[in-house]
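Novice: First, the structure itself, so that you have it in front of you.
The values are calculated or read from the model by the stated rules, or taken from the named source; none is laboratory data. Quick caveat: nothing in here was measured; it's all calculated off a predicted structure. Methodologically, a virtual Cβ is constructed for each residue, glycine included, from the backbone with ideal geometry; neighbour enumeration extends over all protein chains shown.
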Amino acid sequence: MQNPLTVLSPADLRQRRSQKWWRYPEDVLPMFIAEMDTPLAPPVASALADAVQRGDTGYMSPYGLPEAFAGFAARHYGWHPDPAHMVVVPDVLRGIAEVLHLVSSPGAGVVVNTPVYAPFLTLIPDNGRRVVASPLRRAADGRYGYDLDALDRDLARDGVEVLLLCNPHNPTGLVATAEELATIAGYAHRHGVRVLADEIHAPLTYPGHPHVAFATVPSPAAERAVVFVSASKAFNLAGLKAAMVVAGGTPAWQALQPFPTEVPFGAGLLGVIAGVAAFTDGDAWLASLRHGLDANRMLLAELLTRHVPEVGYVPPQATFLAWLDLRALPLGDNPAEALLDRAHVALSSGPTFGPEGIGHARLNFATSPELLTEGVVRIAAAVTPGG
Ligand SMILES: Cc1ncc(COP(=O)(O)O)c(C=O)c1O
């Protein structure tokens, strides 16, 4: 199957109305928000075309989505979640917000591993909870890892009730191992902290870094955990609005009752239909996408070495996001802002991911090798004296 990242031309992409391609003027190369420059997977495109043909645009029904995800989880992660213990929600962020209200008290501490997906840092206070940052460890070579001792201490802090685990991790691309997850589950259990696992990037891991579903960890913490899943990242369906809240076990399902009935109705039927097709018939397309993304994450390393060797970059273990350390360049605390201005490349602002993101930016490499190359060449020209 053709690499999905090489199908669309820049002219095709400029026709898009999505946030990524609409937000900036034509002279800006958008490499910020987590959308992909791919066409739809063929089974998803035909399911959506059929739905449009039928005029099937009424209110959401969960039709088949829990079962389709259960099949995908079994094939890809050896996880067998119960379709009866899943709820459709509009998107992962709304799911997390609703679940925070159901499983934690107002003012509760919610631990996150910074630098972390920026909306977590606003969603938690917006929903009346407190961010408790437990920074990832970073080795001298720039590699990130879980600082398990620090996490143990942070989970024990006053008022902490939830660990919002982002695995695979955005923006570092870190994939937790089974051993790390077992240790984390043990700490969570000991401190009576409930784990909310955002596994939206789980279909996008690279060779050598298999995703371990938190719910499969042999621990009571897994039974209490609530997991967030969606086809929206791996199949580029974010605008169609369908994700799921999945109970790790019966105790988690009980804690989610009663789930506010209006929330599932905020999801889109087309998102459900697309998700069913993706989870049921999307494996072959996903395999070629992962192959193309794997090549891009390595191409990015080569391009940076060749054109801007000052940039620190460790290829991610999952996701199509590259976390760039730009502190060696004269771009200030928020290099994304400087590069938008000077290189006309739009990256995600590092400091929005937490204080560890100062001097950093996040680059989305789910694009063609040509546009990826253009992005790096533009950055290099902007930081080269006289360039
Ligand atoms: C870790 C993580 N969680 C959640 C989301 C947003 O998902 P949704 O659009 O389903 O809210 C993203 C989007 O990039 C993400 O990276």
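Novice: Report the residue count in the range 288-332 for those that are assigned to a loop (DSSP other than H, G, I, E, B) and under 21 Å from the mean Cα position of the chain (by Cα).
Specialist: 7
Novice: Restricting the range 25-70 to residues that are under 20 Å from the mean Cα position of the chain (by Cα) and without any contact (Cβ under 8 Å) to a residue 40 or more places away in the chain, which is surrounded by the most Cβ atoms within 10 Å (Cβ to Cβ)?
Specialist: 70
Novice: Pick from the range 230-272 the residues that are in contact (Cβ under 8 Å) with a residue 12 or more places away in the chain, among the polar types (S, T, N, Q) and more than 10 Å from the ligand (Cβ to nearest atom): which of them is surrounded by the fewest Cβ atoms within 10 Å (Cβ to Cβ)?
Specialist: Top of the filtered list is 250.
Novice: I would also like to ask the following. Take the conditions aliphatic (A, V, I, L, M) and more than 16 Å from the ligand (Cβ to nearest atom) and apply them to residue 31. Does it pass?
Specialist: Taking the combined requirement at face value, the residue does not satisfy it.
Novice: Right, here's the next one. State all residues of the range 333-343 that are within 26 Å of the chain's Cα centre (by Cα) and either in a helix (DSSP H, G or I) or at pLDDT below 95 (or both); if no residue qualifies, say none.
Specialist: Passing the criteria: 335, 336, 337, 338, 339, 340.
Novice: Kindly provide the set of residues from the range 56-112 that are small (Gly, Ala, Ser) and farther than 24 Å from residue 166 by Cβ, ordered by number.
Specialist: Scanning the range 56-112 gives 58, 61, 64, 71, 84.
Novice: Here is a follow-up. Suppose we keep only residues that are out of contact with any helix residue (DSSP H, G or I) (no Cβ under 7 Å at 6 or more places or on another chain), part of a loop (DSSP other than H, G, I, E, B) and free of Cβ contacts under 8 Å to residues at least 60 places away in the same chain within the range 137-166. Which one would you say is surrounded by the most Cβ atoms within 10 Å (Cβ to Cβ)?
Specialist: So, considering only residues that are out of contact with any helix residue (DSSP H, G or I) (no Cβ under 7 Å at 6 or more places or on another chain), part of a loop (DSSP other than H, G, I, E, B) and free of Cβ contacts under 8 Å to residues at least 60 places away in the same chain, the one surrounded by the most Cβ atoms within 10 Å (Cβ to Cβ) is 147.
Novice: Going by the structure shown, is residue 165 out of contact with any strand residue (DSSP E or B) (no Cβ under 6 Å at 6 or more places or on another chain) and modelled with pLDDT of 95 or more?
Specialist: no
Novice: I need the full set of residues from the range 89-113 which are of a type in the set (Val, Ile, Thr), surrounded by 21 or more Cβ atoms within 10 Å (Cβ to Cβ) and away from the ligand (no atom under 11 Å from the Cβ), in order please.
Specialist: Passing the criteria: 99, 110, 111.
Novice: Right, here's the next one. Within the range 46-63, can one find any residue that is assigned to a helix (DSSP H, G or I), touching a strand residue (DSSP E or B) at 6+ places or on another chain (Cβ under 9 Å) and within 16 Å of the ligand (Cβ to nearest atom)?
Specialist: no
Novice: So, of the residues in the range 72-111 that are part of a loop (DSSP other than H, G, I, E, B) and of a type in the set (A, V, I, L, M, F, W, C), which turns out to be farthest from residue 257 (Cα to Cα)?
Specialist: Taking the candidates together, the pick is 79.
Novice: Of all residues in the range 117-136, which are assigned to a strand (DSSP E or B) and either among the hydrophobic types (A, V, I, L, M, F, W, C) or within 16 Å of the ligand (Cβ to nearest atom) (or both)?
Specialist: Answer for the range 117-136, where residues must be assigned to a strand (DSSP E or B) and either among the hydrophobic types (A, V, I, L, M, F, W, C) or within 16 Å of the ligand (Cβ to nearest atom) (or both): 131, 132, 133.
Novice: Taking residue 377, is it part of a loop (DSSP other than H, G, I, E, B), among the β-branched types (Val, Ile, Thr), surrounded by fewer than 24 Cβ atoms within 10 Å (Cβ to Cβ) and at negative phi?
Specialist: no
Novice: Restricting to the range 14-24, count the residues that are surrounded by 12 or more Cβ atoms within 10 Å (Cβ to Cβ) and not basic (Lys, Arg).
Specialist: Counting residues in the range 14-24 that are surrounded by 12 or more Cβ atoms within 10 Å (Cβ to Cβ) and not basic (Lys, Arg) gives 4.
Novice: On the given criteria, is residue 219 within 23 Å of residue 279 (Cα to Cα) and not aliphatic (A, V, I, L, M)?
Specialist: The answer is no for residue 219.
Novice: Tell me whether the range 136-149 contains one or more residues that are modelled with pLDDT of 95 or more and more than 21 Å from residue 350 (Cα to Cα).
Specialist: Yes - at least one qualifying residue is present in the range 136-149.
Conditions (1) touching a Lys or Arg at 6+ places or on another chain (Cβ under 8 Å); (2) under 30 Å from residue 2 (Cα atoms); (3) of a type in the set (A, V, I, L, M, F, W, C), marked per residue:
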| position | (1), (2), (3) |
| --- | --- |
| 306 | no, yes, no |
| 315 | yes, yes, no |
| 325 | no, no, no |
| 329 | no, no, yes |
| 340 | no, no, yes |
| 371 | no, yes, yes |
| 376 | no, yes, yes |
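Novice: I'm checking my understanding of the structure. Among residues of the range 180-229 that are away from the ligand (no atom under 16 Å from the Cβ) and among the hydroxyl-bearing types (Ser, Thr, Tyr), which one is farthest from residue 69 (Cα to Cα)?
Specialist: Among them, the one singled out is 187.
Novice: Is it true that some residue in the range 308-321 is farther than 23 Å from residue 365 by Cα, modelled with pLDDT of 95 or more, buried (at least 20 other Cβ atoms within 10 Å of the Cβ) and within 16 Å of the ligand (Cβ to nearest atom)?
Specialist: So far as the range 308-321 goes, no, none of its residues is farther than 23 Å from residue 365 by Cα, modelled with pLDDT of 95 or more, buried (at least 20 other Cβ atoms within 10 Å of the Cβ) and within 16 Å of the ligand (Cβ to nearest atom).
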